[in-house]
Amino acid sequence: VIRIQLPAFLQPAVDHENAVELQVSQIQVPAGGTFATRMGLQITTVDDRNPFYTTSTGAYVYVRPGLAFGGVVTTEGSGNSKPFRGDADNVLYVKLIFGAVLRAYPQAEDARFVVHLPEGYACSSVQPAPVTLSVF
(Lines give C-alpha, C1' and ligand atoms only; values in the text may rest on other atoms or scores of the structure.)
Protein backbone atom coordinates (compact mmCIF):
# COMPACT_ATOMS: atom_id res chain seq x y z
CA VAL A 1 0.00 0.00 0.00
CA ILE A 2 1.35 3.39 -0.96
CA ARG A 3 -0.21 6.59 0.32
CA ILE A 4 0.47 9.81 -1.55
CA GLN A 5 -0.90 13.07 -0.20
CA LEU A 6 -1.16 15.78 -2.83
CA PRO A 7 -0.54 19.43 -1.94
CA ALA A 8 -3.60 21.37 -0.73
CA PHE A 9 -3.14 24.10 -3.40
CA LEU A 10 -4.18 21.71 -6.20
CA GLN A 11 -7.63 22.44 -7.54
CA PRO A 12 -10.14 19.61 -8.09
CA ALA A 13 -9.71 18.12 -11.55
CA VAL A 14 -12.97 18.76 -13.39
CA ASP A 15 -11.49 18.31 -16.86
CA HIS A 16 -8.32 17.00 -18.53
CA GLU A 17 -6.58 20.40 -18.33
CA ASN A 18 -6.55 20.33 -14.51
CA ALA A 19 -5.81 16.61 -14.19
CA VAL A 20 -2.78 15.45 -12.23
CA GLU A 21 -0.76 12.57 -13.66
CA LEU A 22 1.29 10.51 -11.24
CA GLN A 23 4.11 8.18 -12.17
CA VAL A 24 5.25 5.84 -9.39
CA SER A 25 8.49 3.93 -9.76
CA GLN A 26 10.86 1.74 -7.74
CA ILE A 27 8.04 -0.16 -6.04
CA GLN A 28 9.24 -3.18 -4.07
CA VAL A 29 7.74 -6.24 -5.74
CA PRO A 30 7.43 -9.84 -4.44
CA ALA A 31 10.77 -11.64 -4.72
CA GLY A 32 9.03 -14.85 -5.85
CA GLY A 33 7.40 -13.13 -8.82
CA THR A 34 3.81 -12.20 -9.56
CA PHE A 35 1.23 -12.94 -12.22
CA ALA A 36 0.47 -10.16 -14.69
CA THR A 37 -2.02 -7.74 -13.13
CA ARG A 38 -3.06 -4.11 -12.88
CA MET A 39 -2.54 -1.97 -9.82
CA GLY A 40 -5.51 -0.46 -8.02
CA LEU A 41 -5.75 3.21 -7.14
CA GLN A 42 -8.16 4.92 -4.78
CA ILE A 43 -8.47 8.69 -4.58
CA THR A 44 -10.21 10.37 -1.64
CA THR A 45 -10.62 13.85 -0.23
CA VAL A 46 -8.25 15.18 2.45
CA ASP A 47 -10.52 13.77 5.17
CA ASP A 48 -10.59 10.37 3.40
CA ARG A 49 -14.15 10.70 2.08
CA ASN A 50 -15.70 10.47 -1.39
CA PRO A 51 -13.56 7.57 -2.64
CA PHE A 52 -12.99 7.04 -6.35
CA TYR A 53 -11.38 3.76 -7.49
CA THR A 54 -9.64 2.98 -10.76
CA THR A 55 -6.85 0.74 -12.05
CA SER A 56 -3.54 1.44 -13.73
CA THR A 57 -3.35 1.74 -17.50
CA GLY A 58 -0.71 0.66 -19.97
CA ALA A 59 1.34 -2.49 -19.52
CA TYR A 60 0.40 -4.98 -16.83
CA VAL A 61 2.61 -5.19 -13.75
CA TYR A 62 4.57 -8.44 -13.96
CA VAL A 63 7.57 -9.83 -12.14
CA ARG A 64 9.24 -12.83 -13.76
CA PRO A 65 9.09 -15.87 -11.46
CA GLY A 66 12.38 -16.71 -9.81
CA LEU A 67 11.81 -20.47 -9.57
CA ALA A 68 9.05 -22.95 -10.32
CA PHE A 69 9.06 -26.68 -9.70
CA GLY A 70 6.60 -29.53 -9.46
CA GLY A 71 7.20 -33.23 -9.21
CA VAL A 72 6.73 -36.47 -7.33
CA VAL A 73 9.16 -36.90 -4.44
CA THR A 74 11.36 -39.88 -5.25
CA THR A 75 13.90 -40.03 -2.42
CA GLU A 76 14.31 -43.24 -0.41
CA GLY A 77 11.70 -43.58 2.35
CA SER A 78 9.47 -40.85 0.95
CA GLY A 79 6.48 -42.89 -0.14
CA ASN A 80 5.98 -44.81 -3.38
CA SER A 81 6.42 -48.14 -1.59
CA LYS A 82 3.96 -49.84 -3.99
CA PRO A 83 5.13 -48.64 -7.42
CA PHE A 84 4.02 -51.56 -9.58
CA ARG A 85 0.96 -51.97 -11.79
CA GLY A 86 -1.80 -53.61 -9.80
CA ASP A 87 -0.50 -52.29 -6.47
CA ALA A 88 -3.16 -50.41 -4.56
CA ASP A 89 -3.08 -47.80 -1.80
CA ASN A 90 0.28 -46.33 -2.78
CA VAL A 91 1.32 -43.07 -1.11
CA LEU A 92 2.95 -40.38 -3.26
CA TYR A 93 4.20 -37.00 -2.09
CA VAL A 94 4.31 -34.09 -4.50
CA LYS A 95 6.57 -31.09 -4.03
CA LEU A 96 5.37 -27.83 -5.59
CA ILE A 97 7.19 -24.51 -5.67
CA PHE A 98 5.13 -21.83 -7.37
CA GLY A 99 6.88 -19.46 -9.73
CA ALA A 100 4.77 -16.54 -8.52
CA VAL A 101 2.72 -15.46 -5.56
CA LEU A 102 -0.75 -17.04 -5.61
CA ARG A 103 -3.35 -14.70 -4.10
CA ALA A 104 -7.10 -14.24 -4.12
CA TYR A 105 -9.08 -11.05 -4.12
CA PRO A 106 -10.39 -10.22 -0.62
CA GLN A 107 -14.03 -10.70 -1.63
CA ALA A 108 -13.34 -13.96 -3.46
CA GLU A 109 -12.82 -17.47 -2.18
CA ASP A 110 -9.36 -18.67 -1.22
CA ALA A 111 -6.76 -18.91 -3.97
CA ARG A 112 -6.47 -22.41 -5.36
CA PHE A 113 -4.94 -24.59 -8.04
CA VAL A 114 -5.96 -27.91 -9.57
CA VAL A 115 -3.82 -31.01 -10.06
CA HIS A 116 -4.97 -33.33 -12.86
CA LEU A 117 -3.94 -36.96 -12.42
CA PRO A 118 -2.98 -39.17 -15.36
CA GLU A 119 -5.70 -41.41 -16.79
CA GLY A 120 -6.31 -44.45 -14.62
CA TYR A 121 -5.19 -42.81 -11.37
CA ALA A 122 -7.46 -41.71 -8.54
CA CYS A 123 -6.73 -39.74 -5.39
CA SER A 124 -8.32 -41.04 -2.19
CA SER A 125 -7.11 -38.29 0.17
CA VAL A 126 -4.97 -35.14 0.36
CA GLN A 127 -2.98 -34.43 3.51
CA PRO A 128 0.08 -32.41 4.48
CA ALA A 129 3.38 -34.27 4.16
CA PRO A 130 4.98 -35.28 7.45
CA VAL A 131 7.84 -33.03 8.54
CA THR A 132 10.04 -36.12 8.80
CA LEU A 133 9.97 -36.54 5.00
CA SER A 134 13.53 -36.56 3.64
CA VAL A 135 12.95 -33.54 1.36
CA PHE A 136 12.64 -31.16 4.34
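A few remarks follow.
- For Gln42 and Glu17, the FRET efficiency from 1/(1 + (r/R0)^6), where r spans their Cβ atoms and R0 equals 35 Å, is about 0.90.
- Counting only protein heavy atoms and a probe of 1.4 Å, the accessible surface of the stretch 28-67 is 58% carbon and sulfur.
- Under the convention that each Lys and Arg Cβ holds +1 and each Asp and Glu Cβ holds -1, the size of the dipole of the chain around its Cα centre is about 340 debye.
- For the chain, the residue among Phe52, Ser125, Gly33 whose Cα projects farthest onto the positive side of the dipole built from Cβ charges is Ser125.
- Which label in (i) 80; (ii) 65; (iii) 36 gives the computed percent of Cα pairs over 21 Å apart: (ii)
- Residue-normalised accessible area of the stretch 47-112, expressed per residue, 1.4 Å probe, Å²: 88 Å²
The values are calculated or read from the model by the stated rules, or taken from the named source; none is laboratory data. Given the structure is predicted, the values throughout are model-derived calculations rather than measurements. Note that we place each Cβ from the backbone using ideal geometry, even for glycine, and neighbour counts take in every protein chain shown. The protein model used for the area step is the full one, side chains on, heavy atoms only, and it has no ligands, DNA or RNA in it. Shrake-Rupley method; radii C 1.70, N 1.55, O 1.52, S 1.80 Å.
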